[in-house]
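This report concerns only the one structure given below.
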Ligand SMILES: NC(=O)c1ccc[n+]([C@@H]2O[C@H](COP(=O)([O-])OP(=O)(O)OC[C@H]3O[C@@H](n4cnc5c(N)ncnc54)[C@H](OP(=O)(O)O)[C@@H]3O)[C@@H](O)[C@H]2O)c1
């Protein structure tokens, strides 16, 4: 799906299948565990205009993030907070317990989006059943999955009462996952890109150097603009205020169709993270 390139802004939202809206550009917090560093990064992000923040039990920063957002002065209803159930806490009862701890650590009484962090063979259906319960109890405004391949989504469909609203997947110019993205579109599941700039490994690509000269933008900015024009939600992480601001300074230019295709052409099925099929089989990392 392509989106209208003229109307994009930092306030652009993607409406999920249950009518809940999430900011298309959010902020990732993986590796931000030190309180002062997280405090500085999140406040720089808020100042820039980001309102959606992505954490996970695995990142071991929910307590720190909870403290930062409780003190930040932005209304709770203006924030969109995502977290995920860790692999070792999956299964029906464990997920409910893990979720309770997440809410407590984040100092929240509801979460905007709660996700299954990775598909795991042994606890596959039970974990999702727990998320359905959390959603039905209105403790999460939306629920979804991460790192689900088409086979996992098809399997989930055989038993689920509620369809995931989002699949958060590794997605960047080196891993465009065209078949999976098309499947998600066809099934009204929003596409959220993690490692959207491939941890900046793309920076020396000739196309980014060429487009960088044309638009005065870095590879990270060009890659993020490419995500937005494809209609993906993207959650870049940085600990540097100037990069946090730069990653949102992507609304004053538009890539042409041909430039979008050239960036699509960088795909080499390269992952910065684990392969979900292997994680599923091994029941973890
Ligand atoms: N669901 C999942 O399984 C999963 C897995 C991984 C990540 N995630 C989520 O996705 C978020 C983003 O992914 P990610 O953190 O792996 O990767 P990323 O956002 O693609 O890249 C982050 C890295 O790029 C650097 N960087 C950021 N902006 C830059 C810029 N403008 N110029 C140069 N370098 C820049 C950062 O360094 P500095 O911090 O030093 O600036 C950091 O090392 C995570 O934080 C997390 O919330 C989810």
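Observations, loosely collected:
- Per residue, the average separation of C-alpha pairs within less than 8 Å and at least 6 apart gives segment 1-144 a relative contact order of 20 percent.
- Computing FRET efficiency as 1/(1 + (r/R0)^6) for residue 210 and residue 251, where r is the C-beta to C-beta distance and R0 is 22 Å, gives about 0.55.
- Within a Gaussian network of the chain (alpha carbon springs, distance under 10 Å), most fluctuating of 248, 160, 142: 160
- The fewest-to-most ranking of 208, 285, 35 by surrounding Cβ atoms within 10 Å reads 285, 35, 208.
- The chain: angle of helix 124-136 to the longest principal axis, Cα-based, in degrees nearest 10: 90
- Gaussian network model of the chain, Cα within-10 Å springs - most flexible of 107, 259, 62: 259
- Rounded to 10°, Cα long-axis angle of helix 92-106 versus longest principal axis of the chain: 60
- C-alpha center-to-center spacing [segment 38-97, segment 129-188] in angstrom: 20
- Contact order for the chain, expressed relative to its length and based on alpha carbon pairs under 8 Å spaced 6+ residues apart, stands at 22 percent.
- C-alpha long axis of helix 35-48 to longest principal axis of the chain, angle in °: 60
- A simple spin-label model places pseudo-atoms 7 Å from Cα toward Cβ; at residue 109 and residue 72 they are separated by 2.0 nm.
- For residue 185 and residue 63, the FRET efficiency from 1/(1 + (r/R0)^6), where r spans their Cβ atoms and R0 equals 51 Å, is about 0.90.
- Proxy reagent accessibility, fewest Cβ within 10 Å first, across 54, 19: 19, 54
Bear in mind these aren't lab numbers, they're just calculated from the coordinates by the rules spelled out. What you see is a predicted model, and the numbers here were worked out from it, not measured in a lab. Heads up, the Cβs are rebuilt from the backbone with ideal geometry, glycines too, and the neighbour counts pull from every protein chain shown.
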